[in-house]
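The values are calculated or read from the model by the stated rules, or taken from the named source; none is laboratory data. Because the structure is predicted, anything quoted here is derived from the model rather than measured. Don't worry about glycine lacking a Cβ; one is built from the backbone with ideal geometry, like all the others, and counts go over all protein chains shown. Remember, those area values only see protein heavy atoms, side chains included, never the ligands or the DNA or RNA. Shrake-Rupley method; radii C 1.70, N 1.55, O 1.52, S 1.80 Å.
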Amino acid sequence: MTDIKGKRILLGLSGGIAAYKAAELTRLLAQAGAEVRVVMTEAACRFITPVTMQALSGNPVHTDLWDASVPNNMAHIELSRGCDAIVIAPASADFLAKLALGLCDDLLSTLCLARECPLLAAPAMNLQMWGNPATQRNLAQLRADGIAILGPASGDQACGEVGMGRMLEAVEIFEEIDASFQPKLLAGKRVLVTAGPTLEPIDTVRGITNTRSGKMGYAVARAARDAGATVTLLSGPTALAPPRGLERIDVSSAQEMHDAVMARVAKADVFISVAAVADYRPKEAKGHKLKKGTGEMMLELQPNPDILGTVAARRRPPFCVGFAAETENLEAYADAKRRRKKVPLLAANLAQHAFGADDNQLILFDDAGKHELPRAPKIVLARALIAHIAKLLPKK
Ligand code: CTP
């Protein structure tokens, strides 16, 4: 579930081999409930056919500035009105140059100039074309004009070279479009998020960990970023890909997470502690692989620092948000935990309902009482949490 449902999106394709990704993007947008209208340049039609785009979008594809079937014979006006966003993917070097200069000699460039809605462009080109000062000059102009440039990424290119200029993947562009519709509730704020489990070493190959996937913490980091915050994500060991547009720092043990948080917390406006931090660690981590003995084995544990508790106890703490995963007595335990850790906001869930899943349900506890967030995808809950934080943040 995203905020794309019901949105009218005009997807423009200029010429580039990455045009095949636009087919997948159209499918993702249509599946999410967007109404997608596709406009292609002449060059784009050499890479992928309008038939494909028509089948995936469910709407006729437009290619011609002089299309007589469009009301008033003004395709450029007709198509750009009522759109929530225009997305150019792929955006070729040539098309970006046109946009930067305000040229309009075909349908797509003309409707971009005639638009009343936000414009997002996902560049796709060879690395030398990307690095060329002319392209960089055009990009600076486009950014100054308020056009959102999505990517590009670095990697293998169709020409056989490797470097910057690869168009983002369809799902990444989809997420960027979704993010562009989010209110910028945390603009100018610096947010520190911890996520995932920690791993407490027993020896060089073994450790104590938990089953936390990191998905909720990653969703919170993404929601904060989408709300306009500068986000640092301190992540325990997870299998998740780093979200785009934020700084991810990988840590392993609770002590490492503690140290990484303490090194950054003074600059944070908000600290959201989603990580499932191990409360104890083996007293001594052996520097070699332990060998099997014959009898029982004792493992002596010592407490780890309470990261959230330490941050909340600072003289001038950031706005602190805790998470509590309980298996029973959720409300009583969570409320008590909030008071014990002295945090203004705590999000609680039943552990057995959340771990590893893509959705969850949360109860938020604050000074005003409890607020239930019904079962929903983690990104939806994360956005509701961010909106709640924005409401509680002290106004400067
Ligand atoms: N937390 C932390 N450092 C720890 C333990 C927990 O920062 N060493 C944070 C978690 O990130 C979470 C909150 O404290 O935001 C509550 O974590 P939880 O494990 O539920 O609470 P504990 O205080 O460890 O209590 P218990 O395990 O007894 O429920």
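Does Val205 satisfy the criteria of being in the same structural domain as Gly287 (by TED's automatic domain parsing), in contact (Cβ under 8 Å) with a residue 60 or more places away in the chain and buried (at least 24 other Cβ atoms within 10 Å of the Cβ)? No. Note on segment 329-359: among residues that are closer than 15 Å to Leu385 by Cβ and at pLDDT 90 or above, the one that is farthest from the ligand (Cβ to nearest atom) is Pro344. Checking each residue in segment 4-46 for being closer than 15 Å to Phe181 by Cβ and assigned to a loop (DSSP other than H, G, I, E, B) picks out Ile4, Lys5, Gly6, Lys7, Ala32, Gly33, Ala34. Taking the numbered list (1) more than 14 Å from the ligand (Cβ to nearest atom); (2) farther than 27 Å from Leu240 by Cα; (3) open to solvent by less than 60 Å² (accessible area, probe 1.4 Å); (4) touching a strand residue (DSSP E or B) at 6+ places or on another chain (Cβ under 6 Å) in turn, Leu290 passes all entries but (4).
So for segment 363-374 (the condition being touching a His at 6+ places or on another chain (Cβ under 6 Å) and either part of a strand (DSSP E or B) or crowded, with 20+ Cβ neighbours inside 10 Å (or both)), does at least one residue qualify? Yes - at least one qualifying residue is present in segment 363-374. Note on segment 293-309: among residues that are among the aliphatic types (A, V, I, L, M) and away from the ligand (no atom under 16 Å from the Cβ), the one that is farthest from Ala195 (Cα to Cα) is Met297.
Here is a yes/no grid of residues against (1) in a strand (DSSP E or B); (2) of a type outside the set (Gly, Ala, Ser); (3) open to solvent by less than 10 Å² (accessible area, probe 1.4 Å):
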{"position": "Leu142", "(1), (2), (3)": "no, yes, yes"}
{"position": "Gly151", "(1), (2), (3)": "no, no, no"}
{"position": "Ser154", "(1), (2), (3)": "yes, no, no"}
{"position": "Ile177", "(1), (2), (3)": "no, yes, yes"}
{"position": "Arg212", "(1), (2), (3)": "no, yes, no"}
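Give the number of residues within segment 313-328 that are small (Gly, Ala, Ser) and more than 9 Å from the ligand (Cβ to nearest atom). Steps first, please.
If we filter segment 313-328 for residues that are small (Gly, Ala, Ser), which is where we start, we get 313, 322, 324-325.
Retained after the next criterion (residues that are more than 9 Å from the ligand (Cβ to nearest atom)): 313.
Selection size over segment 313-328: 1.
Table: residues versus (1) at pLDDT 95 or above; (2) touching a helix residue (DSSP H, G or I) at 6+ places or on another chain (Cβ under 8 Å); (3) not hydroxyl-bearing (Ser, Thr, Tyr).
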residue	(1), (2), (3)
Ile208	yes, no, yes
Ala227	yes, yes, yes
Thr238	yes, yes, no
Asp250	yes, no, yes
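Look through segment 233-269, keep the residues that are assigned to a strand (DSSP E or B) and surrounded by 23 or more Cβ atoms within 10 Å (Cβ to Cβ), and return whichever of them is nearest to the ligand (Cβ to nearest atom).
Leu234
Within segment 152-166, residues that are hydroxyl-bearing (Ser, Thr, Tyr) and at pLDDT below 85 have Cβ atoms under 6 Å from residues that are exposed (fewer than 11 other Cβ atoms within 10 Å of the Cβ) and part of a strand (DSSP E or B) in no pair, counting only partners at least 6 apart in sequence or on another chain. Give the residues of segment 280-326 that are modelled with pLDDT under 90 and of a type in the set (Asp, Glu), sorted by residue number. If the condition is that a residue be modelled with pLDDT under 90 and of a type in the set (Asp, Glu), then Glu326 is the only one that fits. Might you let me know whether segment 76-83 holds any residue that is over 20 Å from Leu25 (Cα atoms) and free of Cβ contacts under 8 Å to residues at least 12 places away in the same chain? Checked against the condition, which is being over 20 Å from Leu25 (Cα atoms) and free of Cβ contacts under 8 Å to residues at least 12 places away in the same chain, segment 76-83 yields at least one hit.
With the structure loaded, tell me whether Gly163 is open to solvent by less than 40 Å² (accessible area, probe 1.4 Å), outside the structural domain of Gly287 (by TED's automatic domain parsing) and more than 27 Å from Leu113 (Cα to Cα) or whether it fails that test. Taking the combined requirement at face value, the residue satisfies it. Residues of segment 109-144 that are within 13 Å of Ala97 (Cα to Cα) and charged (D, E, K, R): Arg137, Arg143.
Looking at Arg143, Arg166, Arg212, Arg190, just one residue is in contact with a Pro (Cβ under 9 Å, 6 or more places away or on another chain) and within 23 Å of Ile9 (Cβ to Cβ), and that residue is Arg166. Restricting attention to segment 270-287, the residues that are more than 14 Å from the ligand (Cβ to nearest atom) and either β-branched (Val, Ile, Thr) or part of a strand (DSSP E or B) (or both) total 1.
What pairs come out if I take residues in segment 312-326 that are farther than 22 Å from Ile386 by Cβ and pair them with residues that are in a loop (DSSP other than H, G, I, E, B) and within 13 Å of the ligand (Cβ to nearest atom) whose C-beta lies under 8 Å away, six or more apart or interchain? Going by the 8 Å Cβ cut-off, the qualifying pairs are Ala313/Lys342.
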